[in-house]
Amino acid sequence: MRSFLAQFRRLAISILLIALHSSTAPAQAEASLNSELREKIDKAAQEVLAQTGVPSASIAIVRDGRIGYLHAYGFARLDPRTPAQSEMRYSIGSISKQFTAAAVLLLQEEGKLSLDDKVAKFIPNLTRANEVSIRQLLSHTSGYQDYWPQDYVPPFMLQPITAQRIMELWAHKPLDFDPGTKWQYSNTNYVIAGVIIEKVSGARLLQFLQQRVFSPLGMKSVANIDQEKLGDTDATGYKRYALGPLRVAPKEGKGWLFAMGELAMPAADLARWDVSIIEQKLLKPGSYEEFETEVRLKNGLGTQYGLGVDVSSQSDRRALAHGGEVSGFTAENIVFPDDRTAVVVLTNQDAAQASGEIARRIAALLFTTQETATVGKTEQARKIFEGLQQATIDRSLFTDNANSYFDEQALKDFAEGLAPLGAPQEFVQTRRVLRGGMILRVYHVKFPKQALRVWTYEMSNGKLEQYLVSTE
């Protein structure tokens with residue numbers, strides 16, 4: 001299961017259900033964050049937990065290829081009430097798929113299989129197995145129907161199952177589309193891939209991962225929750241019916257998470273995996289290229305997905321990201337390989353968007369440019385905003401085109417919309433790029449109950465060709 005709720009706007013939940021406690025683990029000094037940035041990150045995490053009512057979050061931040069910050073917030077368990085600790089394990093859900101993809105790539109490096117091998121070479125009795133490739137399994141372009149699209153646990157999933165039975169029930173159905181012609185997220189793909197890994201390697205999937213991935217990377221606390229639930233020293237997973245109270249989430253039956261969502265770990269262990277991606281320490285360069293490259297459909301359309309990872313742009317940077325959800329837990333993992341940076345956020349409530357929102361806010365804070373020129377431009381943009389709240393602008397700051405845009409009606413409308421918001425709590429630059437011979441600057445403007453986006457175009461002489469405001 002993978003939660004798509006993080007793609008929607010933040011839901012405003014006004015009731016603070018739990019007090020927020022936090023705990024900190026020591027960070028590596030080589031990449032530690034300054035105190036001002038740490039305070040902003042803590043504030044962002046605590047605000048999201050308060051707004052969503054999610055019990056806790058555990059975060060890890062990688063800077064310059066090293067773990068620079070570990071912190072846990074809220075309560076890992078509500079009865080007895082237990083503050084979250086950074087060393088506690090959380091389920092990472094579908095982020096597990098990255099590890100299954102890595103196992104396939106390791107076997108390809110050994111010449112034991114190829115991404116372009118057809119599934120029929122290993123499991124001949126599946127629907128159109130002679131047409132579907134391993135690459136299409138890992139990129140969700142196979143056409144095999146997803147066996148768990150729900151954001152809850154259906155009754156049948158409380159009972160144990162085997163990978164063979166999952167394939168019998170879902171991979172013997174007609175394909176949802178011809179292989180390679182569409183993208184559709186499907187957990188079934190990764191169960192099939194897991195079976196292929198075990199057939200080719202001669203080892204259980206978790207045994208293979210332990211020997212070839214976890215041990216070499218120093219990931220010492222990984223658990224397999226497909227067989228057993230997390231223990232009393234780890235986080236407990238919760239669910240909520242609408243805006244009702246938090247309740248302990250049910251555990252899926254054994255076998256349902258195989259190869260697609262079976263891993264749990266502390267945030268630091270997932271950050272070690274992210275460091276290995278940044279440093280390219282586990283796989284060969286060609287394998288990382290396969291892992292990180294957007295797969296295209298037969299008609300040339302991009303899928304924004306590689307092998308077990310979303311491939312996109314976030315904070316105006318190349319990002320390898322994935323969300324995760326299993327019963328009681330949601331997670332977000334974002335790697336910015338070109339910037340040697342990563343953000344891990346693990347939370348203990350399912351069908352919730354807190355992990356994605358916290359990760360987004362942290363990324364924005366990490367990449368907010370702090371050079372002197374930017375600080376000055378941010379202050380200028382803030383003052384213009386304050387002026388617009390009063391229907392006035394300093395016309396010497398703008399080009400003739402922009403001054404034409406800010407006619408009497410425009411100023412009146414700006415003031416009517418912005419004045420009631422009062423003074424912004426935050427006004428920070430989140431993006432700076434070139435566009436049309438000008439500098440595009442984007443700002444995040446936060447108020448108690450709303451966030452706005454401000455973006456400007458700056459000419460070479462410093463004058464503004466544009467100053468626009470919209471909801472974020």
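The values are calculated or read from the model by the stated rules, or taken from the named source; none is laboratory data. Computed from a predicted structure; not experimentally measured. Note that each Cβ is placed from the backbone with ideal geometry, even for glycine, and that neighbours are counted across all protein chains shown. Note: accessible area is taken over every heavy atom of the protein model, side chains too, but ligands, DNA and RNA are not part of it. Shrake-Rupley method; radii C 1.70, N 1.55, O 1.52, S 1.80 Å.
Would you mind telling me which numbered condition in (1) in contact with a strand residue (DSSP E or B) (Cβ under 8 Å, 6 or more places away or on another chain); (2) in contact (Cβ under 8 Å) with a residue 24 or more places away in the chain; (3) of a type in the set (Lys, Arg) Arg453 fails?
(2)
Take Gln108 and decide whether it is exposed (fewer than 14 other Cβ atoms within 10 Å of the Cβ) and either in contact with a strand residue (DSSP E or B) (Cβ under 9 Å, 6 or more places away or on another chain) or of a type outside the set (Asp, Glu) (or both). It would help to see each step written out before you state the result.
Values: exposed (fewer than 14 other Cβ atoms within 10 Å of the Cβ): no; either in contact with a strand residue (DSSP E or B) (Cβ under 9 Å, 6 or more places away or on another chain) or of a type outside the set (Asp, Glu) (or both): yes.
For Gln108, the condition - exposed (fewer than 14 other Cβ atoms within 10 Å of the Cβ) and either in contact with a strand residue (DSSP E or B) (Cβ under 9 Å, 6 or more places away or on another chain) or of a type outside the set (Asp, Glu) (or both) - is not met.
Could you check how many residues of the range 230-254 are of a type in the set (Ser, Thr, Tyr) and more than 22 Å from Ser86 (Cβ to Cβ)? Give the derivation first.
Here is the first cut: in the range 230-254, the residues of a type in the set (Ser, Thr, Tyr) are 233, 236, 238, 241.
Adding the requirement that they be more than 22 Å from Ser86 (Cβ to Cβ) leaves 241.
Residues in the range 230-254 being of a type in the set (Ser, Thr, Tyr) and more than 22 Å from Ser86 (Cβ to Cβ): 1 in total.
Looking only at the range 133-157, which residues are outside any loop (DSSP other than H, G, I, E, B) and under 27 Å from the mean Cα position of the chain (by Cα)? Talk me through it step by step, then tell me what you get.
So the first thing to find is which residues in the range 133-157 are outside any loop (DSSP other than H, G, I, E, B), and the list is 133-138, 155-157.
Once the filter is applied, which keeps residues that are outside any loop (DSSP other than H, G, I, E, B) and under 27 Å from the mean Cα position of the chain (by Cα), the range 133-157 yields Ser133, Ile134, Arg135, Gln136, Leu137, Leu138, Met157.
Only residues that are buried (at least 17 other Cβ atoms within 10 Å of the Cβ) and aliphatic (A, V, I, L, M): list them for the range 400-437, please.
Selection gives Ala402, Leu418, Val428.
Does the range 303-356 hold any residues that are under 29 Å from Ser32 (Cα atoms), open to solvent by less than 10 Å² (accessible area, probe 1.4 Å) and outside any strand (DSSP E or B), and which are they?
Val309, Asn348, Ala354, Ser355
Looking for something within 30 Å of Gln184 (Cα to Cα) and open to solvent by less than 30 Å² (accessible area, probe 1.4 Å) - is there at least one such residue anywhere in the range 71-90?
Yes, because at least one residue in the range 71-90 is within 30 Å of Gln184 (Cα to Cα) and open to solvent by less than 30 Å² (accessible area, probe 1.4 Å).
Would you mind listing the strands (runs of 3 or more DSSP E) fully within the range 183-288 where at least 1 residues are touching an Asp or Glu at 6+ places or on another chain (Cβ under 6 Å)?
Working: elements: 238-240, 246-248, 263-265.
Filter on the range 183-288 gives 238-240.
Can you tell me which of Ala235, Ala193, Ala242, Ala203 is open to solvent by less than 30 Å² (accessible area, probe 1.4 Å) and free of Cβ contacts under 8 Å to residues at least 24 places away in the same chain? Spell out the reasoning first.
Numbers: Ala235 fails: free of Cβ contacts under 8 Å to residues at least 24 places away in the same chain; Ala193 fails: free of Cβ contacts under 8 Å to residues at least 24 places away in the same chain; Ala242 fails: open to solvent by less than 30 Å² (accessible area, probe 1.4 Å).
Of the residues listed, the single one that is open to solvent by less than 30 Å² (accessible area, probe 1.4 Å) and free of Cβ contacts under 8 Å to residues at least 24 places away in the same chain is Ala203.
Would you say Ile358 is in contact (Cβ under 8 Å) with a residue 24 or more places away in the chain and under 24 Å from Phe336 (Cα atoms)? If you could, list the steps in order and put the result at the bottom.
Values: in contact (Cβ under 8 Å) with a residue 24 or more places away in the chain: yes; under 24 Å from Phe336 (Cα atoms): yes.
So Ile358 passes the test.
Restricting to the range 424-441, and then to whatever is among the hydrophobic types (A, V, I, L, M, F, W, C) and in contact (Cβ under 8 Å) with a residue 24 or more places away in the chain, can you tell me which residue is farthest from Ile362 (Cα to Cα)? Let's see the steps before the verdict.
The first filter runs over the range 424-441 and keeps only residues among the hydrophobic types (A, V, I, L, M, F, W, C), leaving 427-428, 433-434, 438-440.
Those left that are additionally in contact (Cβ under 8 Å) with a residue 24 or more places away in the chain: 427-428, 433, 438.
Working: Phe427: 15, Val428: 13, Val433: 20, Met438: 28 Å.
Filtering first and then ranking leaves Met438.
Regarding Thr392, is this residue under 33 Å from the mean Cα position of the chain (by Cα) and either surrounded by 14 or more Cβ atoms within 10 Å (Cβ to Cβ) or in contact (Cβ under 8 Å) with a residue 24 or more places away in the chain (or both)?
Values: under 33 Å from the mean Cα position of the chain (by Cα): no; either surrounded by 14 or more Cβ atoms within 10 Å (Cβ to Cβ) or in contact (Cβ under 8 Å) with a residue 24 or more places away in the chain (or both): yes.
No: the conditions fail for Thr392.
So, of the residues in the range 111-143 that are in contact with a Leu (Cβ under 7 Å, 6 or more places away or on another chain) and more than 30 Å from Leu217 (Cβ to Cβ), which turns out to be surrounded by the most Cβ atoms within 10 Å (Cβ to Cβ)?
Taking the candidates together, the pick is Gly143.
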